[in-house]
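Beneath this line is the structure, given in structure tokens, with notes to follow.
The values are calculated or read from the model by the stated rules, or taken from the named source; none is laboratory data. Everything numeric in this text was worked out from a predicted model, so none of it was measured. Every residue, glycine among them, receives a Cβ derived from its backbone with ideal geometry; neighbour counts consider all protein chains shown. Surface areas here come from the heavy atoms of the whole protein model, side chains and all, with no ligands, DNA or RNA. Shrake-Rupley method; radii C 1.70, N 1.55, O 1.52, S 1.80 Å.
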Amino acid sequence: MITLRAVELGDLALVRTINQAAFPHVNSQSLADLDWFRVRAPYFKVAVRHDTPVAFLIALLPNIEYDSPNFQWFKRHRDRFVYVDRIVVAEPGRGLGIGQRLYR
């Protein structure tokens with residue numbers, strides 16, 4: 001069974017491990033970077049399987065100050081949007097529909 005919940009401070013080390021394993025498909029993130037998202041992102045969810053996070057999604061709204069060039073493009077061209085900064089599924093969670101569930 002997979003459950004979705006808000007990321008917690010104690011999840012960040014494992015979330016970083018999941019993120020770094022997906023490099024270079026996503027950019028590297030420090031624990032401080034991930035904590036910045038934890039505090040500010042309106043949607044930072046982890047997918048948990050057997051009590052362990054196996055995936056995560058970070059999404060932002062236009063009111064966030066974030067210097068990503070892609071995010072800035074949306075801010076210049078759209079008044080309303082939800083920006084999915086990243087979605088990463090660790091190897092043990094792949095093929096289970098977790099990514100689709102996070103996007104929904």
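Scanning the range 71-104 for residues that are at pLDDT below 95 and open to solvent by 100 Å² or more (accessible area, probe 1.4 Å) turns up Asp79, Glu91, Arg94, Gln100, Tyr103, Arg104. When the range 1-50 is limited to residues that are in a helix (DSSP H, G or I) and among the polar types (S, T, N, Q), the one that is surrounded by the most Cβ atoms within 10 Å (Cβ to Cβ) turns out to be Asn19.
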